[in-house]
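Q: Here it is, the structure, as structure tokens.
The values are calculated or read from the model by the stated rules, or taken from the named source; none is laboratory data. Every value quoted in this text rests on a predicted model; they were computed, and no experiment measured them. All Cβ positions, glycine included, derive from the backbone under ideal geometry; neighbour counts span all protein chains shown. These area figures cover heavy atoms from the full protein model, side chains too; ligands, DNA and RNA do not enter into them. Shrake-Rupley method; radii C 1.70, N 1.55, O 1.52, S 1.80 Å.
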Amino acid sequence: MGGESDLRRIMPISKDEYPRHAEGPVGKQIHSIYQSRLRQFTDNGQYREQGLMPKITPARVSGHPHVKLSVYSPPNLERPLFGEATSHDFKKTSVGESFGPSWSTHWFKVQLTVPEELSDKYDHLEFVWDANNEGLIYTKEGEVVHGLTGGGERNEWILPKQYKDGSEHIFYVEMACNGMFGNAPGGDSIQPPNPNKYFQLHTADIVAVNLEARALYFDFWEIGDAAREFPGDSWESHQAQQIGNRIIDTFIAGGGSNESISECRKIAKEYLGEKVDSQKVYETDNEALVSGIGYCHIDTCWLWPFAETKRKVARSWSNQIDLIDRYPELRFCCSQAQQYKWLEQYYPDVFDKVKKKVKEGTFQPIGGSWVEHDTNLPGGESLIRQFLYGQRYFESKFGQRCKTFWLPDTFGYSTQLPQLCRLAGMTRFLTQKLSWNNINNFPHTTFNWVALDNSQVICHMPPAETYTAEANFGDVKRSVTQHKSLDQDKSSLLVFGKGDGGGGPTYQHLEKLRRCRGISDKTGLLPRVKLGDSADDFFDRLESKIEGGHELVTWYGELYFELHRGTYTSQANNKRNNRRSEIMLRDLEYLATLATIKNEFGKKSSYKYPKKDIDDMWEGVLLCQFHDCLPGSAIALAYRESDEIYKNVFKTGEKCLSDALRELGVEQLYNGDSPILEARANVIDETMVGPHHMSAFNTLPWSRKEVGWYPTADGSRKYLLADGGPGLMTLRALDSPYCATTASIKQIRANAFELRNAQYIIQVTDGGITSLYDIRADRELIPKGKKAAQLVIFDDKPLYWQAWDVEVFHLASRTELHPQKVEITESGPHVVELTLSTKISDKSWAKTKLRLPAVIADQPTCIEVQAEVEWRETMQFLKVEFPVDIVNTEASYETQFGIVRRPTHYNTSWDMAKFEVCCHKWADLSEATYGVSILNDSKYGFAVAGDVMRLSLLRAPKAPDADADMGRHHIRYGIFPHKGPLDARTVRKAFEFNTPLKYVAVRSQASHGDAEEKGEGEGEEGRSTALEKLLGGFRVLGADNLVLDTVKRGEDDEDVSRGELPVKKGKSVILRIYDALGGKSRGVVTWGDLRVKKVVKVNALEDHVEDLSAGIVEVGEDGEEEGDEEDEGGEKKGKAKAKGVKIEVRAFEVVTLKLVL
């Protein structure tokens, strides 16, 4: 039988035979017990002294004679710089004393002598300072060397080697009496700050550090994380637990000696690899999925004022410069040109170091914007200026522009941002804020984001879902496990570093990431992380993949943030200032451009384009658009600062506007929106009304007809008809009560009134509009039983973020507010007015004026509402409702340079999430045959649910500003019905609603024109002076949907440039046009009699894109090209009226033209 020989074979007996007898019982480790044991080694609990922690800092000294302290405390919460502060006398102080109050500053002179027992025995010494508040260390000569966070965070400064010489060394510590997150009481950081907080200086020590023990601490940290966070059924998790327990056993066996610590580190490297002590750990050919980038998010204001941010920048960035030297793999990025400018102004030595690191490629300016701004609320031109001012600053100071728009913490992202990014030279975008959505989970990580005009950028949302990652094992792991686009691309960014209040990466972060990489290469399973590349390097690789055929998914339209919806309304005064300043800057740039053209760029007068003033104004406005300022989520101190900024903007703007108008030959009398604004009734009387003396100035690029008014000396109003423009308008007094068209008002029964003009019959019953009847369309607009212009109030208690959030459940608390008094306050014939007085509570009231003007020449009229509100509520939300007899599943909302259409239903959770949305000057609900637009002059929160349109007016959150929105408010909104669908009528009416006419006195010579300036064939009737041609020259003809939004001078024109970038020879005018309605269009941009050499299409940064000079034509008023025509006898009978250039604009495209003069 087979196999017998094998059975008979005798096996030799080995000398190393497997033991026959068991030496004793060996039990299975109880996994949870041995895992829990790991925490004992490095915690600060009852076994601290027997663990690793005391070995890291084996010795320290403090107090006299080694550390001598003296202090200077500036008065009045002042923040003096080094030179001024150190010029004062200092008084002795010591550890244990307290300093305050909140927001105060204290300067400490530190006289430090290292004792021999430390300098001889220990190589690495640190100075540890902690008062649980922020600080900044300076050398005796005033050089910034290190920022301090306090509270156990970033409280150590590595002492220079020369400090070990036994001599006394002097340096200074600037103490700021605020923590990293301000001065909130207790543990809730968003509560209003405690104004009287004091901070005890509890540590000012010289500390010896055992660097090998500190390295073991990080070894053990990551090994412990691997044991806990790798899957329980993986050998990698079990091996990490075994390694960790071996380290503890070895440490115990060696009594915690330095030798045992070295042995422990050898054991650790069995799991981590041999290279974790240097940047060489990243120098392998293994593919890394995760790119680590250091970042320091500093909110330009939030729970602290702007003034404190200036110091936060110096603290944070000085530390990063030091870390880059110590950890060569670190690539650090930081955004916000404003913060760089502050550093340049107040800390020039730190700025010079930043410039050096930028040149070396280790410190990366990113983002391309002036601040990390809100994108919902700023106007379109403001978004462009964020990029223009940001990119120009980065280019002028560092010789480079940003390619990546970086906005990780803003509360939602406007649909036109991809287009504006591309126009500003950026093709990539990073954010992560949508990971905070509290209803739906955003489905993508890496994708193409597409704007209204079909422009796109690559968008990446770091899957670790934070911009302040602590660089932990779990952050690296989540960079793949939470990646939602693995089917398209598996790479990701890990953005790490302390943030919000500043700080940035720490040495702890960098040590942990070295070990994470070591685990990936030595053991596996953990995604491989790499440091050493910039954020741009990451996006460069993505773009290369796409060029090679890689395909990303797309997301069209806004990135709506399903949280923080209350920020469309909070801090109403701040939002009003923003809207007013944007309009003022538009008018100023337009008028200043005309003024420089009129005086032939300085040849006829000394007037110059006020570039510095305009820049200062824009920088102030852009600063206040920071994403915690404009949205209304900062503390009261920040709004005191922003109020002052806006005050200076308005003061400078009024002066510059007056200068420009004066150069144009007119004198501003007052603005048409309010007699409070520049009212000068003492210089207006009836003799001034007429074409030769008083006029209205229309700064919009189309003709207007409206009923205007001016204040008389006795405080009453005189009504007049303003007609014409752009530029000067004809005024005609409306003195007769028997006009062809009139407005009337009467009481028809108790608590019921009727307002009427040639277009509408309005009934107001019990304080609400119960009927709005369009006479010509024969259409009732208010559903039966409903009331429009109805004030309603809601209970407003979000889950946590008071100033930020309004939750969907607030809608269930709706309460109508009814007036206690209704009276006729103006009875026509030019305007009628009904005033409603409403008690909101014992502390709050509203006085609402419902105004209806007479119809002028078939111009569509707007029912205007002016509300004065005294608001003293707590956690209440005031809105006004407009139910309308319109059916549509979508409503239209103006956004920057376009329209967003959003659902009016709650079909899905995505639809319901948009129960409160952002709009700009108007929102509209239309059918094919009719629609209603709601206009506003300073509001942004809106909602349309079914047939109810609802404008948000005021909120009353109590954190982080306890007095947010308390006080008096002046609000304007309007109802604008229109026959037919949404069209240019709404767009223009909203512009007009927000841009009141400027009433001016026209100097005689300017009105009639000097002899040499008169046009041919001029007479008294319809004269056309050179000035009038200039003022009305810039227009878009042939397409009502195209809006000429901006007229300004070229940034680098030889007579305008401030020298930041190379001057461009010659002069130019910049025109910005956009399609407001969403249709590809052709039109002609005209410039009157201006001598234009060529027309160039440029981008938002005014770089050359395309020469359009071949499209220069002569056109008539309708925008059609005109040539000389012959009458029946062969005679020439006409000539072209204006020169211009033909343009073609895609749907919702923004086009910028440069007219080279």
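Q: Scan Asp805, Asp795 and give me the residue that is farther than 30 Å from Ser703 by Cβ, within 31 Å of the chain's Cα centre (by Cα) and surrounded by 19 or more Cβ atoms within 10 Å (Cβ to Cβ).
A: Among Asp805, Asp795, only Asp805 is farther than 30 Å from Ser703 by Cβ, within 31 Å of the chain's Cα centre (by Cα) and surrounded by 19 or more Cβ atoms within 10 Å (Cβ to Cβ).
Q: Among the numbered criteria (1) surrounded by 24 or more Cβ atoms within 10 Å (Cβ to Cβ); (2) within 30 Å of Arg662 (Cβ to Cβ); (3) among the β-branched types (Val, Ile, Thr), which one does Thr567 miss?
A: All conditions are met except number (2).
Q: Taking only pairs six or more apart or across chains, which ones have beta-carbon atoms under 7 Å, a first residue in the range 69-91 that is in contact (Cβ under 8 Å) with a residue 24 or more places away in the chain and under 13 Å from His106 (Cβ atoms), and a second residue that is β-branched (Val, Ile, Thr) and surrounded by 13 or more Cβ atoms within 10 Å (Cβ to Cβ)?
A: Note: pairs meeting the criteria are Leu69/Thr93; Leu69/Val110; Ser70/Thr93; Val71/Thr93; Pro74/Thr105; Glu78/Thr105; Arg79/Thr105.
Q: Only one of Ser382, Ser435 is open to solvent by 20 Å² or more (accessible area, probe 1.4 Å), within 25 Å of Tyr568 (Cα to Cα) and in a helix (DSSP H, G or I); which?
A: Ser435
Q: Still on this structure: Does Val917 satisfy the criteria of being modelled with pLDDT under 95 and under 30 Å from Gly980 (Cβ atoms)?
A: Values: modelled with pLDDT under 95: no; under 30 Å from Gly980 (Cβ atoms): yes.
It is false that Val917 is modelled with pLDDT under 95 and under 30 Å from Gly980 (Cβ atoms).
Q: Could you go through the range 1093-1109 and let me know if any residue there is open to solvent by 10 Å² or more (accessible area, probe 1.4 Å), assigned to a strand (DSSP E or B) and in contact (Cβ under 8 Å) with a residue 60 or more places away in the chain.
A: Checked against the condition, which is being open to solvent by 10 Å² or more (accessible area, probe 1.4 Å), assigned to a strand (DSSP E or B) and in contact (Cβ under 8 Å) with a residue 60 or more places away in the chain, the range 1093-1109 yields at least one hit.
Q: Of everything in the range 344-361, what is surrounded by 23 or more Cβ atoms within 10 Å (Cβ to Cβ) and without any contact (Cβ under 8 Å) to a residue 40 or more places away in the chain? Give them in sequence order.
A: The one that is surrounded by 23 or more Cβ atoms within 10 Å (Cβ to Cβ) and without any contact (Cβ under 8 Å) to a residue 40 or more places away in the chain: Val354.
Q: Need the failing condition index for Asp540 against (1) part of a helix (DSSP H, G or I); (2) touching a residue at least 24 places away in the same chain (Cβ under 8 Å), just the number.
A: Looking at each condition in turn, Asp540 falls short on (2).
Q: Specify the residue that is nearest to Arg1146 (Cα to Cα); the eligible residues are those in the range 1064-1092 that are assigned to a strand (DSSP E or B), open to solvent by less than 60 Å² (accessible area, probe 1.4 Å) and free of Cβ contacts under 8 Å to residues at least 60 places away in the same chain.
A: Val1084
Q: Name the pairs: first residue in the range 972-998 and closer than 19 Å to Val884 by Cα, second residue in a helix (DSSP H, G or I), Cβ to Cβ under 6 Å, at least 6 apart or on different chains?
A: Close Cβ pairs (under 6 Å, with a partner that is in a helix (DSSP H, G or I)) amount to Gly974/Phe993; Phe976/Lys989; His978/Arg985.
Q: Among the residues of the range 476-488, count how many are in contact with a strand residue (DSSP E or B) (Cβ under 6 Å, 6 or more places away or on another chain) and open to solvent by 10 Å² or more (accessible area, probe 1.4 Å).
A: Total satisfying the criteria: 1.
Q: What tally of residues in the range 873-918 results from selecting those that are more than 27 Å from the chain's Cα centre (by Cα), buried (at least 16 other Cβ atoms within 10 Å of the Cβ) and assigned to a loop (DSSP other than H, G, I, E, B)?
A: 6
Q: Taking the condition closer than 15 Å to Ile293 by Cβ, assigned to a loop (DSSP other than H, G, I, E, B) and over 18 Å from the mean Cα position of the chain (by Cα), does Pro462 pass?
A: Against the criterion (closer than 15 Å to Ile293 by Cβ, assigned to a loop (DSSP other than H, G, I, E, B) and over 18 Å from the mean Cα position of the chain (by Cα)), Pro462 qualifies.
Q: Which count do you get for residues in the range 258-274 that are at negative phi, in contact with an Asp or Glu (Cβ under 8 Å, 6 or more places away or on another chain) and not in a helix (DSSP H, G or I)?
A: 0
Q: Taking the range 186-241 only, how many residues are small (Gly, Ala, Ser), open to solvent by 20 Å² or more (accessible area, probe 1.4 Å) and within 30 Å of Ile170 (Cβ to Cβ)?
A: 0
Q: Inspect the range 1140-1152 for any residue being modelled with pLDDT under 95 and in contact with an Asp or Glu (Cβ under 7 Å, 6 or more places away or on another chain) and give the result as yes or no.
A: No; the residues of the range 1140-1152 include none that is modelled with pLDDT under 95 and in contact with an Asp or Glu (Cβ under 7 Å, 6 or more places away or on another chain).
Q: Please tell me if Asn132 is open to solvent by 10 Å² or more (accessible area, probe 1.4 Å), modelled with pLDDT of 95 or more and in contact with a strand residue (DSSP E or B) (Cβ under 8 Å, 6 or more places away or on another chain).
A: On the way: open to solvent by 10 Å² or more (accessible area, probe 1.4 Å): yes; modelled with pLDDT of 95 or more: yes; in contact with a strand residue (DSSP E or B) (Cβ under 8 Å, 6 or more places away or on another chain): yes.
Spelling it out, Asn132 is indeed open to solvent by 10 Å² or more (accessible area, probe 1.4 Å), modelled with pLDDT of 95 or more and in contact with a strand residue (DSSP E or B) (Cβ under 8 Å, 6 or more places away or on another chain).
Q: Could you check how many residues of the range 932-989 are open to solvent by less than 20 Å² (accessible area, probe 1.4 Å) and either hydrophobic (A, V, I, L, M, F, W, C) or not assigned by the TED database to the domain that holds Gln802 (or both)?
A: Here the count works out to 18.
Q: Now for a separate question. Please verify whether the range 578-589 includes one or more residues that are over 22 Å from Pro701 (Cβ atoms) and of a type in the set (Lys, Arg). Lay out the reasoning, then the answer.
A: In the first step, residues of the range 578-589 are kept if they are over 22 Å from Pro701 (Cβ atoms); the result is 578.
Adding the requirement that they be of a type in the set (Lys, Arg) leaves none.
Scanning the range 578-589, I find no residue that is over 22 Å from Pro701 (Cβ atoms) and of a type in the set (Lys, Arg), so the answer is no.
Q: May I ask you to verify whether Pro903 is touching a residue at least 24 places away in the same chain (Cβ under 8 Å) and assigned by the TED database to the domain that holds Ile782?
A: On the way: touching a residue at least 24 places away in the same chain (Cβ under 8 Å): no; assigned by the TED database to the domain that holds Ile782: yes.
No.
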